[in-house]
Every structure is written in structure tokens, then in C-alpha cells.
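Quick notes on the structure that follows.
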Amino acid sequence: MRKPNLFILTAWAFHVASWFLPVLKAQDYHEVVVGWRAFRLATCGVLPCEGIQFETLHHAVLATISVITTLLFLCSPLVVLRGSRVLQKSAAWVAAAAFAVNIHWIFIFGEKRSELTIGYFLWWLSFLLLAIGLFASSNGRRKEAQLIEHLTSR
């Protein structure tokens, strides 16, 4: 079992905080939307929600992708603590792709992007930090394996 590095720990802290911090100052709703509520609203792309409809199928698909990336993020402790080097490196690529894909919210909101708040940015950044941490961790495990192999080959 490996200990998570500082990047991974920070990613987890940011992600947890984002569930409870405001993600959106939704003037249409006249309220602040916190992370867990934003997650629920994003699930409306595949699960029926009364009174919620996406403008286009494209928006519903992107919201669903955000939900999937969040669910994958929630699996990261298993990958970090129990995953092989290959699994960690693969998860790092997935987290990096999630970071790149989840920028779509900034573009979707267009001129209203100023309505996105700290919770969104911590959530989004958590994917990048997780990717960096997983890349560093998987490389560290490779170096450890090489050192053990070198020491045992004598």
C-alpha cells in the first residue's frame, strides 16, 4: 500500500470542499448552487429531473460526462492506495482528460461565466492535481521497483 503524495491529498481536499462550496451564482434560480446540488443538476442529463431541461442534447452529454468524471474521481482513493503502477498511470491520464473536458462549463456559460464560483474552480483543479499526483506516484513506484530489482540481482 502506498501513501498518497501532497498533490493527491490536495486534490482530494479540493474535491471534498467543492461539494459544499458555492459552484454557481445562478441568477435564474435566485440562489447559490453548492457542489452537491450542481452534481445532482448535472445528472439531469440522464436521470429525469422535474423542471430541468438542457438546451440541447450536446449540453446534456457534456453534463453527463462531468458526472462520470466526478464518479471516477471518487474511485481515486482505491487507485492510489491499492492500484498497480499501470493502473495509476492510466488513472492519471483519465484525470488529465477530465480536467481538459470539464473546462467546457466555462465555454457553455459564455458571457455568464462570471456566475461560476470557487466551488467549480476547486472541483476542476482537483482533476489536474490528481493527474499530477498520480503521474508522480506511478513514476516513483517504477523507480522503487527498479531499485529493488537492482538490489536483489546482486
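Read-outs: derived from the displayed coordinates by stated rules, not from any lab. Keep in mind that what you see is a predicted model, and the values were worked out from it rather than measured. Heads up, the Cβs are rebuilt from the backbone with ideal geometry, glycines too, and the neighbour counts pull from every protein chain shown.
Restricted to the range 33-112, the set of helices (runs of 4 or more DSSP H) holding at least 3 residues that are free of Cβ contacts under 8 Å to residues at least 60 places away in the same chain and polar (S, T, N, Q) comprises 57-74. Across the range 15-71, the number of residues qualifying as of a type in the set (D, E, K, R) and under 23 Å from Ser126 (Cα atoms) comes to 3. Checking each residue in the range 105-136 for being surrounded by fewer than 21 Cβ atoms within 10 Å (Cβ to Cβ) and of a type in the set (Ser, Thr, Tyr) picks out Ser114, Thr117.
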